[in-house]
Structure formats: structure tokens, C-alpha cells
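Read-outs: derived from the displayed coordinates by stated rules, not from any lab. Computed from a predicted model, the values in this text were never measured in an experiment. Here the Cβ positions follow ideal geometry from the backbone for every residue, glycine too, while neighbour counts run over all protein chains shown.
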Amino acid sequence: MSAAAVPLRLALVGNPNSGKTALFNLLTGSRQKVANYAGVTVERKEGRLVAPSGRQYAILDLPGAYSLHPASLDEAIARDVCRGFYPGEPAPDALVCVVDATNLRLHLRFVLELREIGKPMVVALNMADAARRRGIEIDIAALQRELGVPVVETVAVRRGGAKALVEALDWMGADAQPPQKKLSERHGAAAGAEEAQDLHAETRRLLSLAVTMPRRTARIDDALDRWLLHPVFGLLALAAVMFLIFQAVYAWATPMMDAIDAGTAALGAWVSTTLPEGPLNSLLADGIIAGVGGVIVFLPQILILFAFILALEESGYLPRAAFLLDRMMAAAGLSGRSFIPLLSSFACAIPGIMATRSIQDPRDRLATIMVAPLMTCSARLPVYALLIGAFIPQQKVWGVFNLQGLVLFALYMAGILSALMVSWVMKKWRRDKSEHALLLELPSYRLPHPRDLLIGLYERAMIFLKRVGGIILALTILLWFLLSFPAAPPDAVGPAIDYSFAGRIGHAMTAVFAPVGFNWQICIALIPGLAAREVAVSSLATVYALSAANDEAAAQALSPLIANGWSLATALSLLVWFIYAPQCISTLATIRRETNSWKQVAISAGYLFGLAYLASFVTYQVAVALGAG
């Protein structure tokens with residue numbers, strides 16, 4: 001095999017907000033795969049690049065890191081992979097250190113740390129176009145000479161913006177040499193402090209020698225920050241952004257949802273009429289298609305939610321929102337650093353809980369982990385969408401706002417306010433009166449690139465669809481079995497489903513859940529919902545398809561079935577239940593892994609179940625008293 005046919009392994013490494021992932025997307029495009037590192041839940045991205053010369057590269061996008069002296073699991077993984085010590089991960093042949101050309105004062109220190117590893121390295125001055133617009137002059141030849149490694153400019157958001165980087169990598173080839181310049185070796189107890197001083201001194205020397213910067217920050221950043229970080233206007237802008245997200249989730253997704261719903265309904269009807277009567281017909285039409293189709297229909301809403309989160313993250317707005325909310329969150333027993341993990345929990349509590357590793361204070365981290373499940377994750381969205389669509393009329397409020405979107409916004413706000421109250425109680429309970437300073441890097445504002453948004457949405461769509469094709473499909477088939485067997489006896493007078501395993505379980509559970517207005521169908525759906533909340537929708541679809549009196553009723557959409565069969569009080573009670581419902585088993589497992597404590601798992605599940613039951617009980621009883629029962 002020729003040398004060019006052997007892929008050169010590159011590790012793409014850099015500070016957060018350096019544009020590293022955007023550069024990775026530019027280099028690899030769709031030729032990438034996402035997994036997790038062995039034994040941990042940190043995301044691992046690897047992609048392929050074939051250069052114009054024909055040389056192949058395997059590129060690993062490492063987690064963002066500020067230092068090789070790790071303060072988080074992400075930084076520890078980045079360090080170990082760069083050094084070739086991570087178990088099961090081949091050592092990289094070379095490093096590509098991505099730095100923000102507009103913020104070299106912060107990023108150059110990490111370049112010097114990476115150089116000490118002694119591996120072949122290229123420094124990519126990313127966002128070089130933004131640096132030129134700000135009048136920042138970088139003497140690349142001087143920087144390259146002083147660092148002893150190739151230095152190239154890149155623009156990750158422009159086609160061809162990595163051409164110089166690819167040429168430098170080709171020039172290095174398989175015979176790439178390690179850096180020729182390194183800081184002097186230090187030994188003894190004071191080695192760490194002396195090394196840090198050396199790094200800071202060397203960074204200052206390089207900046208004075210090779211970088212001319214007319215001003216520390218961009219004028220546009222300062223102008224926007226005057227408004228977006230204002231204690232009043234900034235909070236109003238943040239509230240407007242959040243409100244826009246929840247309105248868009250309904251207004252923009254409806255046409256796509258209608259198309260998916262019509263397609264799955266047509267497929268189910270075709271299967272019912274084509275296949276002969278029997279268990280296979282029932283499994284496919286009433287089990288798999290009705291159950292899985294009832295979840296896939298909400299994919300557009302989930303992708304719209306993710307699109308907003310990705311856009312806010314790419315734009316540089318999220319750290320500013322964290323800074324803006326720090327004082328308010330500190331009053332509730334959290335810190336501004338909790339904002340990004342909690343915002344991530346709107347997509348899924350699992351990555352939100354994992355993101356708490358960036359919170360150094362143990363009390364703040366534990367409080368954030370315990371309240372993260374109260375954020376309305378995307379798995380709740382199918383349940384909310386089903387119930388709101390069935391019971392809340394689609395009409396305008398004040399001629400502008402969508403009433404269904406307002407209800408969804410209220411549900412999200414209820415989760416947020418509940419999380420703040422729970423964290424406040426935790427703060428009082430632990431009697432922690434200390435203040436924890438918030439230190440955050442505020443990156444420059446930038447327009448999100450459509451390519452990066454589309455790749456991010458594609459990855460999340462695949463994760464959702466794999467979940468649908470995995471755990472949701474398996475649970476749907478299991479539930480169909482429990483709903484179908486044993487068959488009703490010949491002298492049965494009631495519906496056949498009443499005699500099934502699931503029917504008996506559901507009727508038994510009504511003794512506990514009758515005070516909150518849940519019928520036996522809802523009780524059945526709650527059980528598989530513990531594995532994944534969105535399974536509750538597919539479970540209800542399967543239950544009602546199998547309990548329908550005839551084929552025509554079985555083919556109907558789920559929404560009109562529950563609209564005709566439930567009271568408004570029951571629907572409101574179930575909506576409130578899912579604000580607080582004990583999180584899915586995967587979330588509980590993540591809490592166990594992150595806290596290393598079964599006690600915290602028991603506390604989390606216990607208080608969430610208690611809140612859910614109490615809030616649903618009050619909601620149902622008040623609604624019945626007001627005539628909604």
C-alpha cells in the first residue's frame with residue numbers, strides 16, 4: 001500500500017469558540033460519524049478528508065479545551081488523546097491547533113502547551129477574515145518562526161477557506177517532524193507554577209512581536225453588548241428570543257407534521273386492507289405503524305427547537321445569556337454557568353447533566369443536575385403537542401399570537417420556574433450563603449453558517465430516528481404483545497383489551513391515579529414512558545388502535561380519539577404531570593454516573609414523582625370544580 005493510501009490521523013484541537021467544529025465540518029462535510037468515547041458519554045466525532053494530492057486523512061474533532069491541565073472530563077479526554085494515552089484510541093500522527101485569530105491573547109497560551117507534547121503540529125489561524133476587518137495585523141512568518149511549527153490562515157465559514165491548511169498538511173506528509181522549539185524543562189515542586197509563568201511570559205512576547213491589535217474588542221460586539229447585556233433590555237431580548245422559539249415550534253412545523261401524519265395514516269390503512277386478518281396485520285398496523293408513526297410525526301418540531309439552540313450557540317449569544325442571568329440564578333441557588341447545561345436540557349436532560357462538568361463548584365453542579373430534568377426536554381414535546389392539539393383551539397390571541405404556542409410557552413415557563421424554586425429550596429436546605437464568581441469567555445458575535453446548522457440538525461435527526469427505530473420500536477412491540485394477549489374468552493362481554501396483560505395492569509393502576517383524573521389507557525402509557533417519555537404517545541396510539549371497536553376507528557388519528565374520550569380536566573392534569581414526571585431511565589442512569597451516588601438518584605426520582613402527583617392532583621381537582629371535568 002502506498003504512503004498516500006494510509007490515512008494520516010489528525011487531531012483537531014482548540015479552545016471552545018475557536019470555530020474548531022466549523023473547520024471540521026468544512027474539511028469533512030458529510031463524511032463524518034458521531035459516537036461516544038469508550039466508557040464515557042463525551043461525544044466523539046471523526047471524519048474523512050481526501051486532499052487534492054490524493055492523500056487521505058482521518059480527522060478527530062476533540063472536545064474544546066482551555067488547557068492540558070484539565071478542569072473537566074472534556075479537557076482530560078482532549079489531553080489524553082493528544083498524548084496518545086487514551087484507551088482504545090490510536091495516537092494521532094499530527095495535531096491541528098485551531099485558534100481564533102481575533103483572540104490570540106487567550107488562545108496562544110494553549111498553542112504553547114500543545115507544542116510541549118512534541119507531536120508534529122499545524123496552527124490554524126481561524127476567522128482570519130474577521131481579524132482583518134477589525135484591523136488586526138498578524139505577522140504569520142514571525143509567528144511561524146517563533147513557534148517552530150507551520151502557521152496558516154483559515155476561514156471555516158467560506159468555501160475553500162481551509163485550502164492553505166490542506167496544503168500545509170500535504171507538505172508535512174507522513175514524515176512530519178515535531179516542533180523544534182520548546183520551553184525549557186522544569187523539575188521539582190515549583191515546576192507547575194514556573195511553567196505557567198513561562199507560558200504567560202512567552203504568550204506576551206509572541207503578541208508583542210507578531211500581533212498588532214488596534215482595540216481589544218470589535219466595535220460591533222461592544223454596540224450589541226450595550227443592549228444585549230443591559231440588565232433590563234437584555235432580559236427583555238432574551239425573553240423575546242425564548243418566546244419566538246416556542247411560537248415557531250408550532251407555527252413553522254404544522255405543514256410538515258400534517259404531511260408526515262397523512263403518510264403514516266395512509267401506510268397504516270394500506271397495510272390493514274392488504275394483509276389478511278391476524279396477528280401480523282395487527283402488529284404492523286396497530287403496533288408498529290400506529291406507535292412509531294405517532295412519534296415520528298413530531299420530528300419537525302424537535303428539529304426546529306434544535307435549530308434555534310444551535311443557532312444561538314453558533315452566534316456567541318449563549319455565554320452572554322449565562323452572564324446576564326447570573327445574578328438572578330445566584331438568588332435561586334445556581335450560577336450563570338448553570339444556564340448552558342439547563343438550556344441543553346431543553347433538548348435532552350442527558351447532555352444537559354453531562355454539561356454540568358464545566359461547573360467547578362460542587363454544590364452548584366449538584367443543584368444543576370437535580371433540576372435539569374425539570375427543563376422541558378424534546379421528548380416531552382410529542383406529548384405536549386398531542387394534548388395541546390387535541391384540547392386547545394388553534395386561534396389567535398390579540399390578533400397576533402397563536403394560542404397553542406402560548407400554552408406551550410406557559411408549560412416551558414412552568415418547568416423553568418419550578419427548577420428555580422427547587423434550587424432555591426436546596427440552597428436554603430444546605431445553608432450555603434457563599435458567592436461563586438462567574439468567569440466566562442464572551443466570544444465575538446458571528447452569523448451561524450447554514451452548513452454547520454444543517455450538519456448539526458442531521459446528526460440530531462439521526463439520533464432521534466435511531467431512538468425511534470431502537471428503544472421505541474422495541475417497547476411498542478412489547479406493549480402490543482401485552483395489549484393483545486391473552487385473548488378474550490369466548491363468553492367475554494367487554495372489550496378484548498380488558499382481558500390482556502396490559503389491560504389488567506392499567507385497571508389496577510387506576511386505584512392510584514384516579515384522583516388525578518387518569519384513565520386506564522393513560523396508566524398503561526406511563527409505564528413504557530419511563531424508558532423514554534415520547535413512548536407515551538406511541539403507547540397511547542397502540543392502546544387506542546387495539547381497543548377501537550372497528551377498523552375504521554382504528555385508522556383514525558389519535559388526537560380526535562382522546563379529544564372525544566377525555567375531559568379537559570384530565571388533559572390539563574396530564575400536561576402538568578409531564579412538567580414534573582420522573583425522568584426516563586437513561587436520565588437516572590446519567591445522574592448515577594455523574595454523581596456516583598444512588599442516593600441522589602433516589603432523591604431525584606422521589607421528589608419529581610411527588611411534585612408530579614401533587615401538581616396533577618391540584619390541577620385536576622380545580623379544573624373539575626370549575627366545570628372542566
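Each peptide in 560-569, 7-16, 220-229, 269-278 gets a packing score, the mean of other Cβ atoms within 10 Å over its residues, and the list from highest to lowest is 7-16, 560-569, 220-229, 269-278. The long axis of helix 73-83 is offset from the longest Cα principal axis of the chain by roughly 50 degrees.
Between LEU207 and LYS396, the C-beta separation translates, for a Förster distance of 56 Å, into a calculated FRET efficiency of about 0.50. Relative contact order of the chain: 11 percent, from C-alpha pairs under 8 Å at least 6 residues apart in sequence. Model label points for PHE233 and ALA262, set 7 angstrom from Cα along the Cα-to-Cβ axis, are 4.6 nm apart.
Cα centroid separation, the range 585-613 to the range 200-216: 49 Å. Return the distance in nm (one decimal) between the two label points of a simple spin-label model at SER67 and ALA410, each offset 7 Å from Cα along Cα→Cβ. Each label point is offset 7 Å from its Cα along the Cβ direction, giving 4.9 nm. Against the set (1) 91, 75, 60; (2) 90, 63, 52; (3) 84, 69, 49, the structure's computed Cα extents along the principal axes in Å falls on (2).
Report the Cα centroid-to-centroid distance between the range 88-142 and the range 375-409 in angstrom, as an integer. Cα centres, the range 88-142 to the range 375-409: 46 Å.
Distances between placed amide hydrogens fall under 5 Å for GLU153 paired with LEU125, all partners being 5 or more residues away or on another chain. For the chain, a crude dipole built from +1 on the beta carbon of Lys and Arg and -1 on the beta carbon of Asp and Glu, taken about the Cα centre, is about 1320 debye to the nearest 20.
Close amide H partners of LEU334, meaning residues 5 or more places away or on another chain with modelled amide H under 5 Å apart, do not exist here.
Restriction of the chymotrypsin sites (Phe, Trp or Tyr not before Pro) in the range 4-110 to DSSP coil positions whose beta-carbon has at most 13 other beta-carbons within 10 angstrom yields PHE85. Packing around the peptides 306-314, 446-454, taken as the average count of other Cβ atoms within 10 Å per residue, puts them in this order, highest first: 306-314, 446-454. When the charge dipole of the chain is built from unit charges on Cβ atoms (+1 for Lys and Arg, -1 for Asp and Glu) and taken about the Cα centre, the candidate among LEU108, ALA311, ALA508 whose Cα reaches farthest toward its positive end is LEU108.
For ALA253, no residue has an amide H sitting under 5 Å from its own, ignoring neighbours fewer than 5 places away on the same chain, with H placed 1.01 Å from N. For the range 449-457, putting each phi into the Karplus relation 6.51 cos²θ - 1.76 cosθ + 1.60 with θ = phi - 60° gives couplings of 7, x, 4, 5, 5, 5, 5, x, 5 Hz, in residue order, rounded to whole numbers and with x for Gly and Pro. With a/c under 1.5 counting as rounded, go ahead and sort the range 77-138 into rounded, prolate or oblate using the C-alpha gyration tensor (a ≥ b ≥ c being the square roots of the eigenvalues; past the cut-off, prolate if a/b is larger than b/c, else oblate). Prolate, because a/c is 1.5 or more and a/b exceeds b/c.
With R₀ set to 22 Å, the beta-carbon distance separating ARG83 from VAL6 gives a calculated FRET efficiency near 0.50.
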